Each structure stands twice: as structure tokens, then as C-alpha cells.
1. Would it be correct to say that Ala183 is more than 25 Å from the chain's Cα centre (by Cα) and either surrounded by 13 or more Cβ atoms within 10 Å (Cβ to Cβ) or at pLDDT 90 or above (or both)?
2. Across region 186-202, what is the total count of residues that are open to solvent by less than 30 Å² (accessible area, probe 1.4 Å) and in contact with a strand residue (DSSP E or B) (Cβ under 7 Å, 6 or more places away or on another chain)?
3. Among the residues of region 251-268, write down those that are closer than 17 Å to Val37 by Cβ and surrounded by fewer than 20 Cβ atoms within 10 Å (Cβ to Cβ).
4. Select, from Ala102, Ala123, the only residue that is surrounded by 15 or more Cβ atoms within 10 Å (Cβ to Cβ), closer than 13 Å to Ile59 by Cβ and free of Cβ contacts under 8 Å to residues at least 60 places away in the same chain.
5. Every residue in region 126-136 that is in contact with a Ser or Thr (Cβ under 8 Å, 6 or more places away or on another chain) and crowded, with 18+ Cβ neighbours inside 10 Å, please.
6. Scan (1) of a type outside the set (Asp, Glu); (2) open to solvent by 30 Å² or more (accessible area, probe 1.4 Å); (3) modelled with pLDDT of 90 or more for the single condition Phe205 breaks and write down its number.
7. Among all residue pairs at least 6 apart or on different chains, which show Cβ distances below 9 Å where the first residue, located in region 156-167, is on the phi > 0 side of the Ramachandran plot and the second is open to solvent by 50 Å² or more (accessible area, probe 1.4 Å) and polar (S, T, N, Q)?
Amino acid sequence: MADSASGPEHKVDLLVVGTGAGAMTAAIVAAKAGLKVLMVEKSRTYGGTSATSGGGLWIPCNHLMPGVGIEDNEADSITYMSTLSGKDVPLRNVESFVKNGARMLRWMEENTEVKYIAMAEYADYYQQVPGSRPGGRSIDPIPYDARKLGDDFLNMQTPHQQLRVMGMMGYSNMEGAVLLSKAPGWFKLIVKLAVEYFSDVPWRFRSRRSRRLVMGNALIGRLRRTLLDLDVPIWLSTPATEILRKDGRVTGARVLRDGKPLDIIASRGV
């Protein structure tokens with residue numbers, strides 16, 4: 001860790017290292033609050049493991065549950081979580097997650113491009129535990145059209161091969177449940193996905209990547225669109241190499257920008 005900055009500098013209010021869903025959320029909240037934000041990413045693509053994940057969240061008492069006919073309450077949610085976590089997690093942490101997870105989701109849906117749907121038939125894993133629900137707490141990102149990202153879409157981390165039919169057509173968590181179990185309508189769903197994929201011309205002559213974003217790609221695509229609207233830049237291929245400190249306080253980070261060291265001075269945090 002360096003004690004002070006030296007050489008070329010770039011000044012911002014907040015520096016966010018990494019471009020996963022958590023990092024992007026932090027950047028959006030800060031930018032919405034009026035801060036000048038910069039994101040740096042060591043990879044040539046953004047999104048990290050969030051982009052390759054299922055993109056689903058487990059949020060008890062979320063505002064989407066009543067829409068699928070499932071009611072929830074904080075008491076049951078806390079009972080379920082605290083029973084499973086035992087003494088490993090302080091009760092106040094469980095209570096904070098239950099209260100603020102739902103607040104976070106509502107804020108994101110009201111202030112960003114992020115949109116989810118509650119999965120009515122995706123049950124809590126331990127149905128025998130008091131406070132469990134048969135579904136609704138697990139939520140799935142709604143598919144997103146990559147056309148809204150323009151060419152920036154090509155800078156996103158690609159989804160895993162196994163999350164695409166024939167390595168080409170992505171499917172949401174809810175669609176995946178139908179396909180993997182061969183539930184009624186599974187073949188019709190494959191035909192629908194194929195028609196949508198192959199009819200996307202002339203894009204098909206440019207890339208094999210589907211512009212119908214699902215799972216983690218849908219979440220990252222929606223977050224990225226919000227960041228673009230907020231003019232928050234992402235510097236790709238820019239690894240952070242050191243934390244900068246002054247008088248015992250973190251003041252920024254040293255990064256490699258185009259192969260050269262650059263000190264990012266962050267007045268409000270890293």
C-alpha cells in the first residue's frame with residue numbers, strides 16, 4: 001500500500017474497483033446522489049462472475065411476491081434465516097438483510113433499468129424449516145434487449161456455454177426449469193427461442209452472441225444501461241495495483257492505465 005499519491009493523477013468522488021453486480025449497484029447509488037464516479041476493471045470485459053451467473057436473488061418480503069399470490073412477512077423470514085444460520089450469523093444481521101433487501105430491490109426497480117419477476121414455483125430449499133415459503137422469494141431477471149446497449153454490449157462478459165441451447169440461445173431461470181425438466185411446452189419454447197435468435201439479422205452475420213440477454217447477462221445489461229444513462233465511465237483493462245493512503249486514511253488507488261501507472265484520487269471513498 002502506498003502512503004501517498006505520486007505522478008499523474010485523476011480525481012473523482014468515488015472509485016469503484018470491479019464491475020460485478022454489487023460494484024455496479026454501488027456506482028449507481030453514488031451517481032444518483034450526485035457524486036462523480038469512476039469504475040475500473042482489470043479484465044477486457046465488464047460484468048465479472050455476475051454476468052456468468054444465473055442472476056437470481058433471494059429476497060424475502062419482496063414487493064413482487066403478492067403478484068404471484070404468495071404473502072410473506074419479516075417475522076417468518078427472520079425465523080427461517082436465523083434457524084438455518086444458527087449462531088454463525090448475528091440476529092441483527094439477519095434482521096437487517098430482511099428489512100433492507102426488500103428496500104434495495106424496490107429502490108433498484110424504481111430508479112434503474114433493473115427488473116425482476118418472482119418465481120412462484122422456486123421454493124425455499126428447506127421446506128421443513130419454520131418460516132419457509134413455497135416460492136416467490138427467489139427472483140429472476142427479466143430478459144433484456146442488448147440493442148439498448150449499442151456496441152458496448154460486445155464488451156460484456158459472455159454467459160457460460162451450458163446456459164445456452166446449442167451454445168447460442170440463452171434462457172431465463174424460469175425457461176430453464178421448463179427445458180431441463182421437459183415440462184409441457186418445452187419443445188415449443190425451443191422453437192420460439194430459435195426463431196427469435198435466427199431472425200435477428202443482420203446481427204447474425206456479425207456475431208453468434210444472442211442479443212436477448214437472460215440470467216446474469218440480463219442483470220448486468222440492465223445495470224450497464226443505467227450507468228450509461230448516468231455517464232459513469234468504465235475503464236476496462238485497468239487493474240488496480242495499490243491502495244493509496246494519507247495520514248492513515250484511504251485516499252484512492254493506483255491503477256495501470258494503458259500499461260502506465262495512474263493515481264486515482266477519490267475524495268469520498270474507494
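1. Details: more than 25 Å from the chain's Cα centre (by Cα): yes; either surrounded by 13 or more Cβ atoms within 10 Å (Cβ to Cβ) or at pLDDT 90 or above (or both): yes.
So Ala183 fits the description; yes.
2. Going residue by residue through region 186-202, those that are open to solvent by less than 30 Å² (accessible area, probe 1.4 Å) are 189, 193-194, 197, 200.
Those still in the list that are in contact with a strand residue (DSSP E or B) (Cβ under 7 Å, 6 or more places away or on another chain) too: 193-194, 197.
Selection size over region 186-202: 3.
3. Those that are closer than 17 Å to Val37 by Cβ and surrounded by fewer than 20 Cβ atoms within 10 Å (Cβ to Cβ): Arg257, Leu262, Ile265, Ser267, Arg268.
4. Working: Ala123 fails: closer than 13 Å to Ile59 by Cβ.
Matching residue, one of Ala102, Ala123: Ala102.
5. Residues of region 126-136 that are in contact with a Ser or Thr (Cβ under 8 Å, 6 or more places away or on another chain), as a first pass: 126, 129-131.
Within region 126-136, just Gly131 meets the criteria.
6. Unmet for Phe205, out of (1) of a type outside the set (Asp, Glu); (2) open to solvent by 30 Å² or more (accessible area, probe 1.4 Å); (3) modelled with pLDDT of 90 or more: (3).
7. Gly167/Gln161
The rows are residues; the columns are (1) of a type in the set (S, T, N, Q); (2) surrounded by fewer than 17 Cβ atoms within 10 Å (Cβ to Cβ); (3) touching a residue at least 40 places away in the same chain (Cβ under 8 Å).
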position: Lys32; (1), (2), (3): no, yes, yes
position: Ser43; (1), (2), (3): yes, yes, yes
position: Thr52; (1), (2), (3): yes, no, yes
position: Asp76; (1), (2), (3): no, no, yes
position: Leu84; (1), (2), (3): no, yes, yes
position: Val89; (1), (2), (3): no, yes, no
position: Phe97; (1), (2), (3): no, no, no
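The values are calculated or read from the model by the stated rules, or taken from the named source; none is laboratory data. On a predicted model such as this, the values are computed, not experimentally measured, just so you know. All Cβ positions, even for glycine, are placed from backbone atoms using ideal geometry, and neighbour counts span all protein chains on display. These area figures cover heavy atoms from the full protein model, side chains too; ligands, DNA and RNA do not enter into them. Shrake-Rupley method; radii C 1.70, N 1.55, O 1.52, S 1.80 Å.
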